[in-house]
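Engineer: This is the structure, below, for whatever I ask next.
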Amino acid sequence: MVVSKKAEAPVCKILVDGSTLNQLENFKYLRCTISGTCKDEYEIKIKSAQAKAAYNQLRSVLCNKKLSFQCRYRVLKCYVHPIYTYCSETWTISNVIQDKICAFEMWCLRRMQWISWTAKKSNAEVLTITCKQKSLLKEIKRRQLRFLGHVIRKGELETPSLSGKIDGKKSRGKERALFLQQFLERPNDIKHAARDREKWKLFTNEAINVCKQI
């Protein structure tokens, strides 16, 4: 697989014992899909489909109004949300991805309360009915920050890969958001804070509450 910002990746021919290796656009590794464009939209689309399939399997429980909503919500967080957030520690959350995460969470809540789209109820009204707040995005950011702090304190190969730069000319178009910019505009501040566990806990809570827009 060739990693490139271009819509069509350059062709790269690699021969092994006279046989040409197939060049892929996407590659699945440890149940995660790695895209040649290094974007996470495709991976999130797959996770959304898998989580919705799990939701439908539990529909008889999640949509059963004879059970309290709190009980059904705990089942949702236990069996459906983990499928959606699997490997979310590596996602670079843009505005588009953030909208997709919130849309999936609201998709679940609306069906648990039997609220049809024809009812024309806003997300705020649905949250009021369920007495809940959007929590999936905050949970993903919490997982990311815990993983990030672990990687920085470990100080292995993963650490320079977070902020490393590739030599060469900048390609045309808008510059992509960096992974560390999800939490702070100055990555060096993150590296310094992560080495102190107590400071990192405070920073994690602040970053989750703010849920910085990219």
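Every read-out reported here was derived from the displayed coordinates using simple, explicitly stated rules and does not represent laboratory data. Here the structure is a predicted model, which is why all the values come from computation and not from measurement. FYI the Cβ positions are ideal-geometry reconstructions off the backbone, even for glycines, and counts take in every protein chain you see.
Engineer: Identify the GluC sites (Glu not before Pro) of the range 1-108 meeting these criteria: DSSP loop state and at most 10 other C-beta atoms within 10 Å of the C-beta.
Structural biologist: On the way: sites: Glu8, Glu25, Glu41, Glu43, Glu89, Glu105; in loops: Glu8, Glu25.
When the GluC sites (Glu not before Pro) of the range 1-108 are filtered for loop state and at most 10 Cβ neighbours within 10 Å, Glu8 remain.
Engineer: Give me the number: length gained by fully extending Lys121 to Asn64, i.e. 0.36 nm times residue separation minus the C-alpha to C-alpha distance, one decimal in nm.
Structural biologist: Values: separation 57, 0.36 × 57 = 20.52 nm, distance 2.08 nm.
Taking 0.36 nm per residue and subtracting the Cα distance, the gain is 18.4 nm.
Engineer: Could you calculate the FRET efficiency of Lys154 with Lys201 from 1/(1 + (r/R0)^6), where r is the beta carbon distance between them and R0 is 22 Å, rounded to 0.05? The partial results should precede the final answer.
Structural biologist: Details: r = 17 Å, r/R0 = 0.79.
Calculated transfer efficiency: 0.80.
Engineer: Shape verdict for the range 39-125, please, from the Cα gyration tensor: rounded (a/c under 1.5), prolate (a/b greater than b/c) or oblate. Show your work: numbers first, answer last.
Structural biologist: Details: a/c = 2.28, a/b = 1.45, b/c = 1.57.
Verdict is oblate for the range 39-125.
Engineer: Could you rank the peptides 119-127, 16-24 by their average count of other C-beta atoms within 10 Å per residue, with the highest value first? Working shown, then result.
Structural biologist: Details: 119-127: 12.0, 16-24: 8.7.
Ranked by mean Cβ neighbours within 10 Å, highest first: 119-127, 16-24.
Engineer: Can you give the FRET efficiency for Lys138 and Met1, using 1/(1 + (r/R0)^6), R0 = 45 Å, r = Cβ-Cβ distance, to the nearest 0.05?
Structural biologist: Details: r = 32 Å, r/R0 = 0.72.
Efficiency computed from Cβ-Cβ geometry: 0.90.
Engineer: Let me ask something additional. Count the net charge of all other residues whose Cβ sits under 9 Å from the Cβ of Tyr86, scoring Lys and Arg as +1 and Asp and Glu as -1. Show your work: numbers first, answer last.
Structural biologist: Numbers: positive: Arg31, Lys47; negative: none.
Charge balance near Tyr86 sits at +2.
Engineer: If you average the sequence gap of Cα pairs under 8 Å that are 6 or more apart and divide by the length of the range 39-134, what percent do you get for the contact order? Mind showing how you got there, number by number?
Structural biologist: Working: 52 pairs, mean separation 31.4, N = 96.
Answer for the range 39-134 is 33 percent.
Engineer: Now for a different question. Report relative contact order for the range 34-85 in percent, whole number only (criteria: Cα-Cα under 8 Å, sequence separation at least 6). Before the final figure, lay out each step's value.
Structural biologist: On the way: 27 pairs, mean separation 22.5, N = 52.
It rounds to 43 percent for the range 34-85.
Engineer: Under a Cβ-Cβ cut-off of 12 Å, what is the net charge of the residues other than Tyr73 that fall near it, where Lys and Arg count +1 and Asp and Glu count -1? Write out the running numbers ahead of the final one.
Structural biologist: Working: positive: Arg72, Arg74, Lys77, Lys132; negative: Glu105.
Taking every Cβ under 12 Å from that of Tyr73, the sum is +3.
Engineer: Might you report the magnitude of the Cβ-based charge dipole of the range 1-90 about its Cα centre, with Lys and Arg at +1 and Asp and Glu at -1, to the nearest 20 debye? Could the numbers behind the result be given before it?
Structural biologist: On the way: 15 positive and 7 negative charges, 153 e Å.
For this selection, approximately 740 debye.
Engineer: So, R0 is 25 Å and r is the distance between the beta-carbons of Asp99 and Cys32; what FRET efficiency does that work out to, to 0.05?
Structural biologist: Numbers: r = 21 Å, r/R0 = 0.85.
Once rounded, the FRET efficiency stands at 0.70.
Engineer: Over the Cα atoms of the range 72-112, Rg to Rh with Kirkwood Rh, two decimal places? Display every interim value, and only then the final one.
Structural biologist: Working: Rg = 11.1 Å, Rh = 11.1 Å.
Taking Rh as the inverse mean 1/r over Cα pairs, Rg/Rh reads 1.00.
Engineer: Give a quick list of trypsin sites (Lys or Arg not before Pro) in the range 53-99 that DSSP marks as loop, anything other than H, G, I, E or B, with at most 16 other Cβ atoms within 10 Å.
Structural biologist: Values: sites: Arg59, Lys65, Lys66, Arg72, Arg74, Lys77; in loops: Lys65, Lys66.
Sites meeting the loop and neighbour criteria: Lys65, Lys66.
Engineer: Further question: So how do Ile14, Ile152 line up by other beta-carbon neighbours within 10 Å, fewest first? Present the calculation step by step, with values, prior to reporting the outcome.
Structural biologist: On the way: Ile14 9, Ile152 20.
Fewest-to-most Cβ neighbours within 10 Å comes out as Ile14, Ile152.
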